[in-house]
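Enquirer: Please find one structure pasted underneath; my questions will follow.
Bear in mind that the values in this text are calculations on the coordinates, not laboratory data. Computed from a predicted structure; not experimentally measured. Because the Cβ atoms are built from the backbone with ideal geometry, glycine has one as well, and the counts that use them run over all protein chains shown.
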Ligand SMILES: [Zn+2]
């Protein structure tokens, strides 16, 4: 059986204290993953990042990093594109300092491109440039395009696969809530279907892509065009069902990292862990 790790996207809501104290707190409550949220910009100092990394290591917590939201690698505007690359290089550096194994990226938007293919091509060139411009000592983190929740955003499952096939040191981030919202509730409906997604990733990107598979989970509200907002697991009337995704992990036996993006972060991470270990 594979190993499943669970943790929050950012500082736990029940924790008050400095960031570097979070890994110890997570270990105490029974969690073993943490996504460091640099979504408003990479602001952590080298000293603090290394401290966080050492704490994560000694408490058995696997770190990932979420890159800034203000990134658009598909932008035809060269100044936006260049700035996006700079922000991702900064993210890769901070991720290396803290020992994060992936930098999760919202690739960008189709808007302004003549076709979806053109948007993907720009994104691939952008990711390649990030790797070129990152200093040579940045060795650990992979770039990780996220499966996005809106149909205006680059990153359906096939596009994430296509990008990772073309970019070195790339691994997918599958947000199951986004997959559900992007499809307006028609995806993530059965265990078999989730298994097919996992198998497609493994077949096209190799065993590394699912060792472990980096994922996000919460319930989500959608409308026309996809994602509206994330919800907690206990809220009725929203999907997808954690049960379905959990069973697919267990049946495929892959290793997985499950980051809770629920409004009650670590509480739902613990609930998912409890339900999946039953
Ligand atoms: Zn994200």
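Enquirer: Report relative contact order for region 4-277 in percent, whole number only (criteria: Cα-Cα under 8 Å, sequence separation at least 6).
Expert: That works out to 18 percent.
Enquirer: With both bridge residues required to lie in the chain, what share of the DSSP beta bridges run antiparallel, to the nearest 5%?
Expert: 25 percent
Enquirer: At a Förster radius of 22 Å, what calculated FRET efficiency corresponds to the Cβ-Cβ distance of residue 275 and residue 186, to the nearest 0.05?
Expert: Once the sixth-power term is evaluated, E becomes 0.40.
Enquirer: Give me the distance between the Cα centres of region 16-78 and region 142-158, rounded to whole Å.
Expert: 21 Å
Enquirer: Counting other beta carbons within 10 Å of each Cβ, put 107, 215 in order, fewest first.
Expert: With the sparsest Cβ surroundings first, the list reads 215, 107.
Enquirer: Identify which of 253, 155, 17 has the largest mean-square fluctuation in a Gaussian network model of the chain, with springs joining Cα atoms closer than 10 Å.
Expert: 17
Enquirer: To continue, here is another question. Using Cα springs under 10 Å in a Gaussian network model of the chain, which residue among 237, 226, 108 shows the largest mean-square fluctuation?
Expert: Highest fluctuation among the options: 237.
Enquirer: Still on this structure, I have one more. What list do you get for 229, 19, 65, 1 if you sort them by fewest beta carbons within 10 Å?
Expert: In increasing order of surrounding Cβ atoms, one gets 1, 229, 19, 65.
Enquirer: May I pose another question? With all pairs of different alpha carbon atoms counted, what Kirkwood hydrodynamic radius in Å does region 123-278 show?
Expert: By the Kirkwood definition, the hydrodynamic radius is 16.0 Å.
Enquirer: Using the Kirkwood formula on the Cα atoms of region 87-211, what hydrodynamic radius do you get, in angstrom to one decimal?
Expert: 15.1 Å is the Kirkwood radius here.
Enquirer: I would also like to ask the following. What order do you get for 47, 261 when you list them from fewest to most C-beta neighbours inside 10 Å?
Expert: 47, 261
Enquirer: What are the extents of the Cα atoms of region 187-270 along their three principal axes, listed from largest to smallest and rounded to whole Å?
Expert: 34, 29, 18
Enquirer: Place the peptides 197-205, 169-177 in order of packing, highest mean first, counting for every residue the other Cβ atoms within 10 Å and averaging per peptide.
Expert: Descending packing order for the listed peptides: 169-177, 197-205.
Enquirer: Compute the separation of the alpha-carbon centres of region 82-124 and region 163-182 and state it in Å as a whole number.
Expert: 12 Å
Enquirer: To continue, here is another question. Pairwise over distinct Cα atoms, reciprocal of the mean inverse distance: report the Kirkwood radius of region 4-277 in Å, one decimal place.
Expert: 18.5 Å
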